[in-house]
Amino acid sequence: MKHLRYLNSFLLQYKWRLSIGVIFVIAQNYFRILVPPQFRKALDLASICLQDYKTIEDPEEKAILLRYISLTLWDYAWMVLLFAALMGFFMFLMRKTIIVVSRLIEYDLRKKIFGHYEELDGSFYNRTATGDLMSRITEDVSKVRMYLGPGLLYCINLVTLFILAVTSMYQVNPTLTLYALIPLPILSVSIYYVSSVINKRSTIIQRQLAKLNTIAQEVFSGIRILKSYNKEENFRQFFSDETDVYLENSMSLARVNAFFHPLMILLVSFSVLLVVIVGGQEVAKGNITHGNIAEFIIYVNMLTWPFTAIGWIVSIVQQAEASQARIMEFMNTKPTIVSTVTGALDVQGEVVFDHVHFTYVDSGVKALDDVSFKVKRGENLGIIGRTASGKSTIASLLLRMMDPQEGAILIDGKNIKDLNLSELRKSIGYVPQDSFLFSDTIANNVAFGEDTLEMDKVEFITGKAAVYQDILTLPEKFDTVIGERGVTLSGGQKQRIALSRALIKEPDIIILDDCLSAVDTTTEQTILGYLEEALSHKTSIIITHRIYKHLEFDKVIVLDGGKIIEAGTPDELIDQKGYFYEILTKQLLEESSSV
Ligand SMILES: Nc1ncnc2c1ncn2[C@@H]1O[C@H](COP(=O)(O)OP(=O)(O)OP(=O)(O)O)[C@@H](O)[C@H]1O
Ligand SMILES: [Mg+2]
């Protein structure tokens with residue numbers, strides 16, 4: 001129960017509602033236990049009156065007695081109906097309070113977990129599968145909710161009903177009470193075992209279902225590749241095999257489930273049998289009446305469900321504990337990138353990397369090895385290098401997605417660790433290499449970093465990023481939904497929308513990570529023309545495989561295996577005749593041959 005203790009603070013928030021809920025549970029059970037005595041009274045009345053009836057000779061007196069019996073029985077019937085109605089009313093209120101509290105806590109918990117997930121840094125996401133994150137925030141939270149709602153409710157219900165019913169039973173006859181209760185703990189234990197088996201099998205089924213979902217999702221998102229490689233049959237077979245496993249699991253669950261109800265009824269019948277046998281003897285001894293037997297049978301049936309629920313509650317609590325442990329594992333993961341300061345930040349734009357070393361902890365790859373460079377305010381730095389040489393890592397470090405193990409990154413002379421993190425990120429416009437866009441309208445994607453959506457700004461900036469005309473051809477223009485829920489854009493279109501998203505922020509520092517790789521040369525020229533003008537007063541870091549004729553770099557660094565192998569102005573690098581010179585000449589050759 002160690003992990004479930006975490007939920008106490010959530011429960012405490014709703015303590016008043018819960019207390020009222022408990023009162024409703026008590027009221028509901030109070031009216032419930034008023035019902036069996038009515039049956040006893042009715043039966044006793046009927047049996048006494050019928051004895052009298054046999055001794056009476058006068059037909060008129062007989063008729064009067066029958067009228068009396070029928071009227072009094074009606075009174076009892078109305079009482080039963082009234083108590084049932086009151087019980088139902090309080091049952092409604094009880095569910096409305098306690099189950100609603102569990103839904104509210106589920107809502108709070110899910111929001112808290114989501115908020116915490118968002119705080120966690122890149123390295124956490126590197127080592128954690130998205131599916132795992134999703135299942136903890138959905139399935140595990142639902143299991144915890146089962147404990148907070150039905151689990152807690154049935155527990156309170158069981159305790160109150162047990163106290164009230166057993167007190168009433170004991171007042172009638174202690175011996176009979178004892179006999180009637182004997183089989184009930186056996187019922188709880190058996191139900192506990194059966195529900196543990198059910199839970200185990202359900203978990204296996206859920207896991208298998210998740211697997212089927214993953215397969216289906218991969219197949220559908222990669223359907224083009226699948227078709228072009230003629231792999232439909234292989235995947236159909238694979239899916240069918242996994243579905244067979246699912247079927248087998250479901251069947252084994254169905255078998256246990258089929259066992260559940262007969263077992264319950266068997267054990268309850270055993271209780272009833274004892275009541276009838278022992279009760280019969282007590283009636284013979286004159287200790288109780290016939291009506292008491294009927295009353296007891298109703299009590300036993302009444303206690304059946306709560307006793308069944310004990311087994312069920314125990315297994316719900318166990319599952320909730322396991323789920324909460326999984327949730328806590330992530331909740332206890334602390335973000336390593338935290339902002340220690342608050343307040344506004346006025347960025348001028350000087351960026352310095354001072355002997356930065358960075359190793360990806362999870363893969364052990366040393367991505368940056370003693371990297372030092374300086375970009376003055378308003379300067380334009382080109383970062384060039386082979387694939388996997390550490391270029392994107394520089395961008396991630398500057399955005400403080402992770403911190404370097406050695407060395408420092410300074411902006412305007414201050415270590416970025418000592419700057420307000422959100423202000424730092426606000427001042428940087430970043431176009432990542434994989435131009436990720438949300439399943440939302442184009443306008444919202446462009447204005448993503450803005451507080452409000454200003455259409456004229458969106459239109460202006462998409463024009464500058466040379467994607468405005470493309471957007472106008474789409475069915476709903478700027479309101480077109482893209483991604484999974486809407487239209488698919490070309491690689492180049494996505495890159496230009498991602499570029500617009502960074503530029504609209506008017507950032508002080510801009511980082512473009514290979515963001516024109518899917519754009520044709522003519523469009524590239526248009527964009528570079530604007531960038532040259534827009535970036536003239538800004539610090540810009542441009543990561544690229546190509547050397548742009550239309551964008552003059554103030555400085556260039558060339559990376560190889562995480563080390564800077566060349567650095568200087570483009571002219572200096574041409575003179576050095578190294579990597580920069582090599583790709584420049586290669587590019588010029590390609591361009592001249594293609595003209
Ligand atoms: N999230 C990560 N976890 C572990 N290792 C990583 C991660 N990202 C990158 N690496 C490794 O770090 C090294 C540098 O990667 P980086 O992405 O910085 O290269 P790059 O120069 O941007 O390459 P490209 O031109 O292909 O984009 C690579 O060896 C890569 O495998
Ligand atoms: Mg990269």
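Compared with the dominant principal axis of the Cα atoms in the chain, helix 491-503 is inclined by about 90°.
Net charge around Tyr154, counting only other residues with Cβ within less than 15 Å of its Cβ (Lys, Arg = +1; Asp, Glu = -1)? Here the count lands on +3.
The reciprocal of the average 1/r between distinct C-alpha atoms defines the Kirkwood hydrodynamic radius, which for region 417-537 equals 14.6 Å. Given the pairs Lys231/Lys366; Lys414/Lys464; Lys334/Lys414; Lys227/Lys464; Lys376/Lys426, which span a C-alpha to C-alpha distance of over 27 angstrom in this model? Exceeds cut-off: Lys231/Lys366; Lys414/Lys464; Lys227/Lys464. Local charge for Leu499 was computed over the other residues whose Cβ lies under 12 Å away, with Lys and Arg +1 and Asp and Glu -1, and equals +2. A 1.4 Å probe, protein heavy atoms only, puts the accessible area of Tyr579 near 40 Å².
Set Lys and Arg Cβ to +1 and Asp and Glu Cβ to -1, take the dipole of region 4-331 about its Cα centre, and tell me which of Val283, Trp16, Val314 lies farthest positive. Most positive-ward Cα: Trp16. Sorted from greatest to least, the principal axis extents spanned by the alpha carbons of the chain come out as 133, 58, 46 Å. Note on Arg255 and Lys62: the model spin-label points, each 7 Å out from Cα along the C-beta direction, lie 6.3 nm apart. One chain, two ends: Arg127 and Lys2. Fully extended at 0.36 nm per residue, the span grows by 42.4 nm beyond their Cα-Cα distance. The accessible surface of region 89-198, taken with every protein chain in place and a 1.4 Å probe, is 68 percent carbon and sulfur. Give the shape of region 317-382 as rounded, prolate or oblate, defined through the alpha-carbon gyration tensor: a ≥ b ≥ c are the square roots of its eigenvalues, a/c under 1.5 means rounded, and otherwise the shape is prolate if a/b is larger than b/c and oblate if not. Oblate is the answer for region 317-382, as a/c is 1.5 or above yet b/c matches or exceeds a/b.
Within straight-line reach of Lys2, meaning a Cα separation under 14 Å, sit the following aspartates and glutamates at least 8 residues removed in sequence or on another chain: Glu321, Glu329. Simple spin-label estimate for Thr175 and Thr521 gives 10.8 nm between the two label positions (7 Å along the Cα-to-Cβ direction from each Cα). Against the longest alpha carbon principal axis of the chain, how many degrees, from 0 to 90 and to the nearest 10, is the axis of helix 455-464 turned? It works out to around 40 degrees. The share of alpha-carbon pairs in region 545-587 lying farther apart than 13 Å comes to 51%.
Taking every alpha-carbon pair under 8 Å whose residues sit at least 6 apart, region 4-331 reaches a relative contact order of 32 percent.
With contributions of -39500 (n - 2.57) from each DSSP H run of at least four residues, the per-residue ellipticity at 222 nm computed over the chain stands at -21500 deg cm²/dmol.
Measuring r between the beta carbons of Trp16 and Gln206 and using R0 = 41 Å, the FRET efficiency lands at 0.70.
Straight-line cross-link reach from Lys62 at under 16 Å between alpha-carbon atoms covers these aspartates and glutamates, not counting any fewer than eight positions away in the same chain: Asp52. Over all distinct alpha-carbon pairs, what is the Kirkwood Rh of region 15-115 in angstrom? Computed over region 15-115, the radius equals 17.0 Å. The alpha carbon gyration tensor of region 102-159 gives principal lengths a ≥ b ≥ c with a/c of 1.5 or higher and a/b greater than b/c, which makes the shape prolate.
Solvent-accessible surface of the chain, taken per residue with a 1.4 Å probe and all protein chains present: 53 Å². Across the chain, the relative contact order, built from alpha-carbon pairs under 8 Å that are at least six residues apart, equals 14 percent.
Taking label positions 7 Å along the Cα-Cβ direction at both His290 and Glu406, the computed distance is 9.8 nm, reported to one decimal. Between Lys111 and Lys586, the C-beta separation translates, for a Förster distance of 41 Å, into a calculated FRET efficiency of about 0.15.
Across region 254-295, Cα-Cα pairs farther apart than 15 Å form 52% of the total. When the inverse distances between all different Cα atoms of region 4-331 are averaged and flipped, the Kirkwood radius reads 24.2 angstrom.
The values are calculated or read from the model by the stated rules, or taken from the named source; none is laboratory data. Not measured: the values here are computed from a predicted model. Note that we place each Cβ from the backbone using ideal geometry, even for glycine, and neighbour counts take in every protein chain shown. Just so you know, the surface numbers come from the protein's heavy atoms only, side chains and all, with ligands and any DNA or RNA stripped out. Shrake-Rupley method; radii C 1.70, N 1.55, O 1.52, S 1.80 Å.
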